[in-house]
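Undergrad: Sharing a structure, written as structure tokens. Questions coming.
The values are calculated or read from the model by the stated rules, or taken from the named source; none is laboratory data. In this text, all values refer to a predicted model and were calculated from it rather than measured experimentally. Every residue, glycine among them, receives a Cβ derived from its backbone with ideal geometry; neighbour counts consider all protein chains shown.
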Amino acid sequence: MIGTTRRHDRIACLLFDPESLIDEVAGGHPVIVLQNLGLSWYPVWHYAVVIGLDLNRGNVILHSGTTPQKQISFKVFENTWARSNFWGLLVLPPSQLPAVAKEKDYLLAVSNLERSGRWETAAEGYRTALSRWPDSLPAYMGLGVCKYETGDLKSAEAVFREATLKFPHDGAAFNNLAQVLMDQGRKTEALDAVMRAIERGGPLKAHFESTLEEIRNQ
């Protein structure tokens, strides 16, 4: 299900607690849930879509199987949902954030799209993240990588260059900028960028030094 979501250029955000579900549904986001309608020793697994809440009656409104607008008490729903450890799936276009967005969780969902090779969709997701968290280094790096992978070297250069300005102590941003400059045949600029990366050191210093050798041997 999650793989299908990504193949359709949507972001799959997992959630695992009733409070998050309530917030998302209240924000207009349907949530897919996995219920056990049977017993712990004889499970009957069932997917449903939570589309609304009737707080006055204490009911949850579901699309359940072929039954639309099914209402059950929140207590019964919570009991059947708890048997899946509150597994829930929020499916969003990359231009939209969850109602209660957490930077780490959202970026993980976007990075999974990136790892699936959905570069354009992931890039839009990273841009969406930056609209909420403009000081997110992982979002900058992810966006730059996506632009690089699509062959848009000018845009990748612009993203990584901005990252070096916002995060001047981070070597990875300088290293990635060096790679993009090298691929454009701008060896002198690339050498300057990778030397800045090496100066900043850190756990990736050996990787930066490898980039330096690659540029020198170009």
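Undergrad: Criterion first (within 22 Å of Phe208 (Cβ to Cβ), in contact with a helix residue (DSSP H, G or I) (Cβ under 6 Å, 6 or more places away or on another chain) and at pLDDT 95 or above) does Leu130 satisfy it? Show your work before the answer.
TA: Details: within 22 Å of Phe208 (Cβ to Cβ): no; in contact with a helix residue (DSSP H, G or I) (Cβ under 6 Å, 6 or more places away or on another chain): yes; at pLDDT 95 or above: yes.
So Leu130 does not fit the description; no.
Quick grid of which residues meet (1) part of a helix (DSSP H, G or I); (2) surrounded by fewer than 23 Cβ atoms within 10 Å (Cβ to Cβ):
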site	(1), (2)
Arg161	yes, yes
Pro168	no, yes
Ala178	yes, no
Met182	yes, yes
Leu191	yes, yes
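Undergrad: For the stretch 77-129, which positions are assigned to a loop (DSSP other than H, G, I, E, B), out of contact with any Lys or Arg (no Cβ under 8 Å at 6 or more places or on another chain) and not β-branched (Val, Ile, Thr)?
TA: Going residue by residue through the stretch 77-129, those that are assigned to a loop (DSSP other than H, G, I, E, B) are 83-87, 93-102, 116-118.
Applying the additional criterion that residues be out of contact with any Lys or Arg (no Cβ under 8 Å at 6 or more places or on another chain) yields 83-87, 95-96, 98-100, 102, 117.
Of everything in the stretch 77-129, those that are assigned to a loop (DSSP other than H, G, I, E, B), out of contact with any Lys or Arg (no Cβ under 8 Å at 6 or more places or on another chain) and not β-branched (Val, Ile, Thr) turn out to be Arg83, Ser84, Asn85, Phe86, Trp87, Ser95, Gln96, Pro98, Ala99, Lys102, Gly117.
Undergrad: I'd like to know if the stretch 59-79 contains one or more residues that are out of contact with any strand residue (DSSP E or B) (no Cβ under 6 Å at 6 or more places or on another chain), touching a residue at least 60 places away in the same chain (Cβ under 8 Å) and either outside the structural domain of Trp119 (by TED's automatic domain parsing) or not charged (D, E, K, R) (or both).
TA: yes
Undergrad: Now for a separate question. What single numbered condition from (1) part of a helix (DSSP H, G or I); (2) farther than 20 Å from Ile198 by Cα fails to hold for Pro134?
TA: So Pro134 meets the others, but not (1).
Undergrad: Val110 - would you say it is surrounded by 17 or more Cβ atoms within 10 Å (Cβ to Cβ) and out of contact with any Gly (no Cβ under 7 Å at 6 or more places or on another chain)? Let's see the steps before the verdict.
TA: Values: surrounded by 17 or more Cβ atoms within 10 Å (Cβ to Cβ): yes; out of contact with any Gly (no Cβ under 7 Å at 6 or more places or on another chain): no.
Criteria not met by Val110.
Undergrad: Name the residue, out of Ala99, Ala123, that is at negative phi and modelled with pLDDT of 95 or more. Even if it seems obvious, please write down each step before you answer.
TA: Values: Ala99 fails: modelled with pLDDT of 95 or more.
Going through Ala99, Ala123 in turn, the sole match is Ala123.
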